[in-house]
Amino acid sequence: MFEPIEAVDIYNKNINILIGSGASADLFPTLSLQVKDAVGNWETIETLATKFATWPEKQTALFMHYYNTCIHPVQKFSPAAVSSEEGTENLDNYEKFLRTLLGFLDRRKDINRKVNIFTTNYDGCLAHAADRLLVRGAHEFVVNDGTSGFYKKHLHARNFNTFQCQTGVFERAAYGVPQLNIVHLHGSVYWEKSGDGIEVRYRDDFKHILNPRTVGKIAKFSQYLQTEGAVTSRIPPVIFNRAQIDRFWREYNKLPIVNPTKWKFHETVFEEHYYQMLRLLSYELERPNSILITFGFSFADEHILKLVQRSLANPKLQTFICGYSSRAAKKMTEVFSPWRNVKVIGPPENAVLDFTNFNKYVLSLKPEAYMPSEVF
């Protein structure tokens, strides 16, 4: 049964949200595949990347597939271009999610009124949804993506510690402006190296690093990875020469996102920011009266998993982990079984905890009661 996170229990605490690829599942492909190994386990981009580590051609083909199907669609994403019903609903869910968080902040009396949203997604859905709310003018709030600057915006970890306040005409009272901190743990397609720093530019004019001939060359390989009943041993080979392999990796390694092989950046400046953001997450979870809510996140990143587990030593930290399916919830229950300050929330049988149901039944100012007769 869906269990609501009561607003009255969390609105006045240090709220931290951790979201993963499940939040954008109706807009962008995830790392999951339709391939199973010899014993029936599902393969993902991460598992195949490890298995292909000593096979340069298959490793290269795999990451070409990953770039072409997962990364470039994010680079070219524009909310105005979304036409599918599922995609439109996904964007609406981001807005509902942010409105709920702003509702919490409206109730808070502290001058520092902020919520931290940590995400391992490298898309701009959170920023786009926030911008749509700001354009409508229905909520007064600040979006803090960690940047400072005017014409050029550069990313600095210290910027997440700032907040804005307004004063009355005679400066006799100060009012904290509600603030949403958006922290990209795994990087963002909108980042780019700028000297020794990171510049952030929200755009969709990215150049595809694969030419049409190369895309055609990996077509059968890509299609097989998404074919029901596919097995690891029958993944078709792709032939590349050394120059083609080197040329691809030279361009791929410039991307400002975590490489799913070992959850590492290739560029030192991004790697340094990654660890700064992990420290920020750790610091926020160690503060008194803190809340952590995870959604669409599988804890595949062992750095984040270990960090959260260490932070649970803080008895004042209450953690809510949302599993997409009853199976996923059971797995998370086993992973976090030693800690009493963790509550795993999963869906009833024959239902899923997707973004719509998360907003409807779990995290809402007025959660609805689940009716088993509803069709999902």
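We did not get these values from a lab; they are worked out from the coordinates using the rules stated. Here the structure is a predicted model, which is why all the values come from computation and not from measurement. Because the Cβ atoms are built from the backbone with ideal geometry, glycine has one as well, and the counts that use them run over all protein chains shown.
Taking P236, P347, P212 as the candidate residues, the one with maximal mean-square fluctuation in a Gaussian network model of the chain, Cα springs under 10 Å, is P212.
Look at the alpha carbon pairs under 8 Å that are at least 6 residues apart: their mean separation over the length of the chain gives a relative contact order of 25 percent.
Taking the DSSP beta bridges with both ends in the range 209-363, the antiparallel portion is around 10 percent.
Modelled spin-label separation between V39 and A81, with each label point placed 7 Å from Cα along the Cα-to-Cβ direction: 4.3 nm.
Full extension of the segment from Q309 to R234, taken as 0.36 nm per residue of separation minus the current Cα-Cα distance, would add 23.2 nm.
Computed from backbone phi with θ = phi - 60° and the Karplus coefficients 6.51, -1.76 and 1.60, the 3J(HN,Hα) list for the range 4-13 is x, 9, 5, 4, 5, 8, 10, 4, 9, 10 Hz; x is used for glycine and proline.
Checking every one of the GluC sites (Glu not before Pro) in the range 1-76 against DSSP loop status and a limit of 13 other Cβ atoms within 10 Å picks out E6. When DSSP beta bridges are restricted to pairs lying wholly in the chain, around 30% turn out antiparallel. Under 5 Å from the amide H of Y175 lie the amide H atoms of Q166, T167, each residue being 5 or more positions distant or on a separate chain, with H modelled from the backbone and absent for Pro and chain starts.
Computed over the chain, the per-residue total of -39500 (n - 2.57) for DSSP H runs of n ≥ 4 gives a 222 nm mean residue ellipticity of -10000 deg cm²/dmol, rounded to 500.
Converting phi to 3J(HN,Hα) with the Karplus coefficients 6.51, -1.76 and 1.60 and the offset θ = phi - 60°, the range 350-360 yields 6, 9, 10, 9, 8, 4, 4, 6, 4, 5, 7 Hz in sequence order, with x at every glycine or proline. Taking amide H atoms as placed 1.01 Å from N in the peptide plane, the amide H of N144 lies under 5 Å from those of L180, N181, I182, each 5 or more residues away in sequence or on another chain. What the phi angles of the range 121-129 give under the Karplus curve with 6.51, -1.76 and 1.60, with θ = phi - 60°, is a coupling list of 7, 9, 8, x, 4, 5, 5, 5, 5 Hz, glycine and proline written as x.
Each peptide in 306-312, 151-157 gets a packing score, the mean of other Cβ atoms within 10 Å over its residues, and the list from highest to lowest is 306-312, 151-157.
Were the residues from F150 through N112 laid out at 0.36 nm apart, the gain over their Cα-Cα distance would be 11.3 nm. By other beta-carbon atoms within 10 Å, ranking C322, C165 with the fewest at the front produces C165, C322.
Counting neighbouring Cβ atoms within 10 Å and putting the fewest first, the residues M371, M277, M64 line up as M371, M277, M64.
Amide hydrogen proximity for I17: with H placed 1.01 Å from N in the peptide plane, the residues at 5 or more positions away or on another chain lying under 5 Å are N116, I117, F118, I293. Please give the helix 242-252 orientation as an angle from the longest Cα principal axis of the chain, in degrees from 0 to 90, rounded to the nearest 10. Helix 242-252 and the main axis of the chain meet at about 10 degrees.
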